[in-house]
Amino acid sequence: MINKKSREEIKLMRMAGNIVALVHKEMANVIEPGISTLELDKIAYDIIKKNKAIPTFLGYCGYPNSICASVNEEVVHGIPSADRILKEGDIVSIDVGATFRGLVGDGAWTYPVGKISDECAHLMEITKNALFAGIKQMIPENKLENVSAAIEDVALEGKCGIVRQYGGHGVGREMHEEPFLFNYRTNSNVIIKKNCAIAIEPMLNLGCDDVHTLSDGWTVITNDKKPSAHFEHTVIASEDGPLIMTELM
Ligand code: MF3
Ligand code: CO
């Protein structure tokens, strides 16, 4: 069942999304060579708490932190660590969830650390473009597959690998609700309902599509160890067009 959100729920998701956006604004300020991913986690936790929200990820299936911080070949679910010091040329994907009065905002962004290679800049650009191409398709009564297709087209045009084991998802009172959103074409006939909320989150690679999970049970890395990028917004398909929840108000 795909849940349609009420006006009140949309208002609260906008609040939750704004808190996610505040965290990202601060991440953009503080990410530089020398900072550890655990310091980033602490900064995110403090902002979420100060805004009277709950870090959605903390304790989710036993996850130990408030953000995921995935560096270079790490795709998603990188666990923050004091030993993981960012260095010039890295790229780091920060994924944040905030729950405000029972509603969830979920958003990720990949940041450059100092000066990065042209290839990494290209990967980030394409992944961000894929996200926004997907968002454009968030129109009531459109096929959800058109979101997937838009993402796939941008990825292939940019010659990036598409992570296939993970994808976007419905979001609202739970972080993960129906439907699952593939980041490539499938033959699904799911229709985007008016006022449904979906976290759209392409994960693209400079190399091959394939990824695997490390023995920590969380960190997902590319099989070829080439860099990966991740951009995510929580989006509502309103009758006036796509509404991005996870931007600054
Ligand atoms: N934000 C991720 C997603 O979009 C989930 C993070 S997993 C967690 O699915 F365990 F860290 F919560
Ligand atoms: Co998500």
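The values are calculated or read from the model by the stated rules, or taken from the named source; none is laboratory data. This structure is a prediction, so every number in the text was calculated from the model and none was measured. Quick reminder, even Gly has a Cβ in these numbers, built from the backbone with ideal geometry, and neighbours come from all protein chains shown. Accessible surface areas use protein heavy atoms only, side chains included; no ligands, DNA or RNA. Shrake-Rupley method; radii C 1.70, N 1.55, O 1.52, S 1.80 Å.
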Return yes or no: is residue 152 at pLDDT 95 or above, more than 22 Å from residue 66 (Cα to Cα), within 16 Å of ligand 1 (Cβ to nearest atom) and not in a loop (DSSP other than H, G, I, E, B)? no
When the residues of the range 162-174 are filtered to those that are within 22 Å of residue 128 (Cβ to Cβ) and part of a loop (DSSP other than H, G, I, E, B), which remaining residue is farthest from ligand 1 (Cβ to nearest atom)? 164
Every residue from the range 69-79 that is open to solvent by less than 10 Å² (accessible area, probe 1.4 Å) and either within 15 Å of ligand 1 (Cβ to nearest atom) or at pLDDT below 95 (or both): 69, 70, 75, 76, 78
Please determine, by comparing only the residues of the range 84-122 that are within 20 Å of the chain's Cα centre (by Cα) and of a type in the set (Asp, Glu), which one is nearest to residue 9 (Cα to Cα). 106
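Condition check ((1) touching a residue at least 60 places away in the same chain (Cβ under 8 Å); (2) among the aromatic types (Phe, Trp, Tyr)) across all residues:
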residue	(1), (2)
11	no, no
33	yes, no
36	no, no
41	no, no
54	no, no
60	yes, yes
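Which is open to solvent by 60 Å² or more (accessible area, probe 1.4 Å), outside any helix (DSSP H, G or I) and farther than 27 Å from residue 236 by Cα, of 87, 52?
Among 87, 52, only 87 is open to solvent by 60 Å² or more (accessible area, probe 1.4 Å), outside any helix (DSSP H, G or I) and farther than 27 Å from residue 236 by Cα.
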Tell me which of these residue 2 doesn't satisfy, since it passes every other one: (1) in a loop (DSSP other than H, G, I, E, B); (2) surrounded by fewer than 16 Cβ atoms within 10 Å (Cβ to Cβ). (2)
Failed condition for residue 156, given (1) more than 21 Å from residue 103 (Cβ to Cβ); (2) away from ligand 2 (no atom under 16 Å from the Cβ); (3) touching a helix residue (DSSP H, G or I) at 6+ places or on another chain (Cβ under 8 Å), with all others met? (3)
Of the residues 204, 248, which is within 16 Å of ligand 2 (Cβ to nearest atom), out of contact with any Pro (no Cβ under 8 Å at 6 or more places or on another chain) and either open to solvent by less than 10 Å² (accessible area, probe 1.4 Å) or not in a strand (DSSP E or B) (or both)? 204
Residue check for residue 21: within 15 Å of ligand 1 (Cβ to nearest atom), of a type in the set (A, V, I, L, M) and over 16 Å from the mean Cα position of the chain (by Cα): no
List pairs: first residue in the range 105-129 and at positive phi, second residue more than 16 Å from ligand 1 (Cβ to nearest atom) anywhere in the structure, Cβ distance under 9 angstrom, at least six positions apart or on different chains. 114/32; 114/33; 114/86; 114/87; 114/88; 114/89; 114/90
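Per-residue answers, yes or no, for (1) over 25 Å from residue 105 (Cβ atoms); (2) touching a helix residue (DSSP H, G or I) at 6+ places or on another chain (Cβ under 7 Å); (3) open to solvent by less than 70 Å² (accessible area, probe 1.4 Å); (4) assigned to a loop (DSSP other than H, G, I, E, B):
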residue	(1), (2), (3), (4)
189	yes, no, no, yes
218	no, no, yes, yes
224	yes, no, yes, yes
233	no, yes, yes, no
Restricting attention to the range 173-181, does a residue exist that is within 16 Å of ligand 2 (Cβ to nearest atom) and closer than 22 Å to residue 119 by Cβ? no
Among the residues of the range 98-140, write down those that are of a type outside the set (Val, Ile, Thr), open to solvent by 10 Å² or more (accessible area, probe 1.4 Å) and in a loop (DSSP other than H, G, I, E, B). 101, 102, 114, 115, 117, 137, 140
